[in-house]
Amino acid sequence: MSRSSKDKVEAKRRRHYRVRLKVSGTPERPRLSVYRSLKHIYAQIIDDVSGKTIASASSLGGVGQGNIKAASEVGKKLAEEAKAAQVERVVFDRGGCIYHGRIKALAESAREGGLQF
């Protein structure tokens with residue numbers, strides 16, 4: 001018996017909710033939030049106390065589409081923007097996705113770019 005797409009979306013929403021109960025961004029250590037769609041990957045560094053986005057990057061800017069290479073480019077670009085905003089330490093919010101593939105590539109390249117989490 002296979003699950004419907006509605007069940008999969010609901011399961012991902014619940015996983016993300018569980019992660020968000022434990023992970024919150026502060027001014028000293030903002031949250032690095034990742035969203036993965038079929039074609040692209042998006043990442044933001046967010047201060048949840050003030051509700052402001054400090055830095056953001058996505059694969060929409062011509063770095064390629066939904067593959068691991070594009071995800072690692074997004075991680076590098078996000079690390080550069082974070083350094084410009086004087087952010088070094090973050091907490092990682094995988095957005096309900098498994099830490100694997102594109103999510104892992106983005107996280108590792110952000111670490112190589114200088115972010116600590």
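The values are calculated or read from the model by the stated rules, or taken from the named source; none is laboratory data. Predicted model only: the values in this text are computed from it and were never measured. Virtual Cβ from ideal backbone geometry, glycine too; neighbours counted across all protein chains shown.
Points worth noting:
- Residue, surrounded by the fewest Cβ atoms within 10 Å (Cβ to Cβ), within region 69-95, restricted to residues that are more than 12 Å from Gly113 (Cβ to Cβ) and aliphatic (A, V, I, L, M): Ala85
- Checking each residue in region 32-68 for being surrounded by fewer than 20 Cβ atoms within 10 Å (Cβ to Cβ) and of a type in the set (Ser, Thr, Tyr) picks out Tyr35, Ser37, Tyr42, Ser50, Thr53, Ser56, Ser58.
- Of the residues in region 12-27, at least one is under 14 Å from the mean Cα position of the chain (by Cα) and of a type in the set (S, T, N, Q).
- Residue satisfying condition, being of a type in the set (Gly, Ala, Ser), closer than 23 Å to Arg18 by Cα and at pLDDT 95 or above, within set Ala43, Ala55, Ala79, Ala110: Ala43
- Any hit, region 53-64, residues being outside any strand (DSSP E or B) and in contact with an Asp or Glu (Cβ under 6 Å, 6 or more places away or on another chain): yes
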